[in-house]
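Participant: Let me begin by handing over the structure; questions about it come next.
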């Protein structure tokens, strides 16, 4: 992405420079021939115009290039921030489940407690922790139907 954006900005700078070279050569020649200006005077005025307008034109052109070519791409910092929030919340959720599991185990005196969640990729209810004994409930199992009906009432 960085290389592609650099190439697009490089070509936009080439467009700006070619515009100003055209302005410098042809407009200067036109001013000298048509209005009989001195070559040095016309050159100084054109250079002054270039100095005053090149930065706003460059910013305008870069903004257009960014909107045209990169408007659909998401900001990488935003995405990294979202990923950080999701990752930290999932870690906190995992810690919460471990705490609830240990508290329920001590309170109910149960040897094996399993937490299942709905895996949207497989469509099944599966273990939250992969190291636990494998439990899977498919969409036709009674436990899945009961959990789905409870979820719809919440």
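Participant: In nm, to one decimal, how far is the modelled label at residue 11 from the one at residue 68, with both set 7 Å along Cα→Cβ?
Facilitator: 0.8 nm
Participant: In nm, to one decimal, how far is the modelled label at residue 85 from the one at residue 27, with both set 7 Å along Cα→Cβ?
Facilitator: 4.8 nm
Bear in mind that the values in this text are calculations on the coordinates, not laboratory data. This one's a predicted model, so the numbers in the text were calculated from it and none came from an experiment. All Cβ positions, even for glycine, are placed from backbone atoms using ideal geometry, and neighbour counts span all protein chains on display.
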